[in-house]
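Engineer: Structure in C-alpha cells, see below.
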Amino acid sequence: MDRRTFITASGVSLGTLALGSVVTATEATDRFLVDRSSLRDEDRVELVHELAPVDLLVVRASEAELEGQGAEFAPDVRIDPDAYRPARRDSAAALAAGEDLTEYQWDKRDQGVPETHDVTRGEDTRVAIIDSGIAAGHPDLEGQVDLELSRSFADDDYGVGGPYGGTHGTHVAGIVGANDDGTGVVGSAPGTELVDLRVSGPGLESRDGGELPPTYWGDTYYGSVLAALVYAAEIGCDAANLSLGWTWRMRQEGWGKFWGQAHQRVGTYARRQGTLHTHASGNWGESLQFNRDETDSSETAGGITTSSTGPVGFDPDTGEYDEPPYVPSTYTTHGVGAIDLAAPGGRGGEYERDNVLNAVAVPSFGEDGEYLGADYGHAWLAGTSMAAPQVAGAVALVRSVDGRANANQVRTTLERTASVPDEYERKYYGRGYLDTQAAVEDAAGSGRS
C-alpha cells in the first residue's frame, strides 16, 4: 500500500471533529466568585478555589449568607459544552508501525516550524494547557508534561496526566508541544515543558439522547478556569492556552460587570508575571464587534484572542492546496476589535486533511465512574480550539530565543510579524495571520537575549 492508503486503512483519523469553544453557560446556585476583601468571615463559607494573588475566592455558600456578610460576588458560571460527533477508537496501528505523520501537518509546514526548529525548539519555556486534561502517556507526549507542577481544578478526584475530561486537551497539548521522536506528529515547540491544568470533569452521561459517548469534554466552571490561569502565572508559565470560550449575559443584575472586573484582575496579574494567555475566539461564525449583550470571555482579560483559518484541498504528497491555509474558516467567530491574531485551526469541511492532525486519547469509564484507561491515536480536528495553541506554541518559541522579553514584548513580536492577506478583511485577522518563523527570526535579532 502507498503511504496514503496505509494512513486510511490503519485508522489514524479518529474522525473529523469540528471542535472549539461553542458552549452553553448557566449560573450555579450555590457556587460563587467572591471579592475576598469584602467577605467578613471566610469560615462561614466552603472554599473551592483560592485566587490569592488577585484577592478572589470561589466558594460554596448561599446567596443569603454572602449578602448577609456584605460581600461583593456573582454566581459562578457552569460551562456545558455542546455535543460533538465522537471519535472512533481504532487508531493505535499507525503508532505501533512507527509512522512519521508530519507530512500531514500542513499547519506546521505553513508556519515554517521545521525551519524554526533549526533555531529553537522552545527550550527553557513552560506552557500551561487549561483544558480537559493531557494524556501524558500518549507516545507523542511522553516526557513532555511536568506532572509535579500539573494540577486539577475540576470537581472530581481523577487527578492529572490523563484524558479524564475527554479528547480535547490532548489534541491541544500536542499542537503546542508534541515530542519530535520521528514517529507520530510534532508540536510547534517540542522543547517546551507542558503543564496539565485540567478544569473539566468527565462527561460520564452520554449526550444527544444517548447516541454520543462522552469522549469530548465534560463540564467545568468559569471560576475554575480563572483559578487555573492564576496558578499558571504563579508557576511562571510563558503561555497559558485556553481553547475554550463562552458568553454570558452582561447586564443581568450587574453580575456581568463583576465578572468583567475579575477577569481584568486575573489578566493583569498574568501579564505582570510574564504569562500570555492565548484564547479561542469561538466557533459560532458571527461577529463580536457589535454584540453588546453577549461578549466573548477573552475580550476583557487581555489575552491573545485567536480566530481560525484553514486550507482547501491540501495534498500531503505535494504540499499544495486549492486554497491556502490563511483562508478564514467558515465557522470562525470574528470582529474588528475582538480578534488579535488568526492562526491555523482547520477548514472544518468534509475533507479531513484540511483540518489539524494531532494526538488524541479517548477515555473509557466504568459504570461507577472508574477510569479504565484510554485509547491513543490521532485525529484531524477543526476549530478555534486548534488555532489558539498554534499561538501558544509560537509564544514559547519566541520566549526561548528572547528570554528577557516580557509578555507585552512577546505579544508585540507576534503581532508585528503577522499580516492581513490583501484579499481578506481585517475583521477575520486582527493584527494579522500568525507567522511563527518570522516571529522567531525577529525575536532572535532583538538583542535582548
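Engineer: For a quick check: with amide H placed at 1.01 Å from N, whose amide H comes under 5 Å from THR183's, ignoring anything fewer than 5 positions away on the same chain?
Structural biologist: Correct list: empty.
Engineer: Heavy atoms of the protein only, probe of 1.4 Å, neighbouring chains included. What is the accessible area of ILE235 in Å², nearest 10?
Structural biologist: It works out to around 30 Å².
Engineer: Going highest first, how would you order 105-118, 413-426 by mean Cβ packing within 10 Å? Before the final figure, lay out the partial values.
Structural biologist: Numbers: 105-118: 20.9, 413-426: 16.1.
Order by mean packing, descending: 105-118, 413-426.
Engineer: Mind giving me the FRET efficiency for GLU63 and ARG272? R0 is 25 Å, r the Cβ-Cβ distance, nearest 0.05 is fine.
Structural biologist: E(calc), rounded to 0.05, equals 0.15.
Engineer: While we're on this one: Put SER287, SER224 in order of accessible area, largest first, 1.4 Å probe: what do you get?
Structural biologist: Order by accessible area, largest first: SER287, SER224.
Engineer: Can you run the Rg to Rh ratio on segment 332-449? Use alpha carbon positions and the Kirkwood inverse-distance Rh.
Structural biologist: 1.10
Engineer: Moving on. Hey, if we sort SER243, SER62 by accessible area with the 1.4 Å probe, largest down, what's the order? Mind dumping the intermediate values first?
Structural biologist: Numbers: SER243 0, SER62 60 Å².
Highest to lowest solvent-accessible surface, that is SER62, SER243.
Engineer: While we're on this one: Check which residues have an amide H placed less than 5 Å from VAL312's amide H, if you skip close sequence neighbours.
Structural biologist: ASP322, GLU323
Engineer: Let me know the shape class of segment 115-189, please: from the alpha-carbon gyration tensor, a ≥ b ≥ c as square roots of the eigenvalues, rounded when a/c is under 1.5, otherwise prolate if a/b is greater than b/c, or oblate.
Structural biologist: Cα axes put segment 115-189 in the prolate bin.
Engineer: Could you pull out every residue, at least 5 positions away or on a different chain, whose amide H is within less than 5 Å of the one on HIS334? Hs are placed 1.01 Å off N in the peptide plane, and Pro or chain starts have none.
Structural biologist: GLU286, SER287, LEU288
Engineer: Treating only the Cβ atoms of Lys and Arg (+1) and Asp and Glu (-1) as charged, compute the dipole magnitude of segment 304-440 about its Cα centre; round to the nearest 20 debye.
Structural biologist: Once rounded to the nearest 20, the dipole reads 900 debye.
Engineer: Rounded to the nearest 10 Å², what accessible area does TYR376 have for a 1.4 Å probe in the complete protein model?
Structural biologist: That residue has around 80 Å² of solvent-accessible surface.
Engineer: Still on this model: Tally up the carbon and sulfur contribution to the accessible surface of segment 370-449 as a whole percent, 1.4 Å probe, everything protein left in place.
Structural biologist: 39 percent
Engineer: To continue, here is another question. Rounded to the nearest 10 Å², what accessible area does ASP375 have for a 1.4 Å probe in the complete protein model?
Structural biologist: Number for this one is 70 Å².
The values are calculated or read from the model by the stated rules, or taken from the named source; none is laboratory data. Since the model is a prediction, treat every value here as computed from it, not as a measurement. FYI the Cβ positions are ideal-geometry reconstructions off the backbone, even for glycines, and counts take in every protein chain you see. Quick note on the areas: whole protein, heavy atoms, side chains included, nothing else; ligands and nucleic acids left out. Shrake-Rupley method; radii C 1.70, N 1.55, O 1.52, S 1.80 Å.
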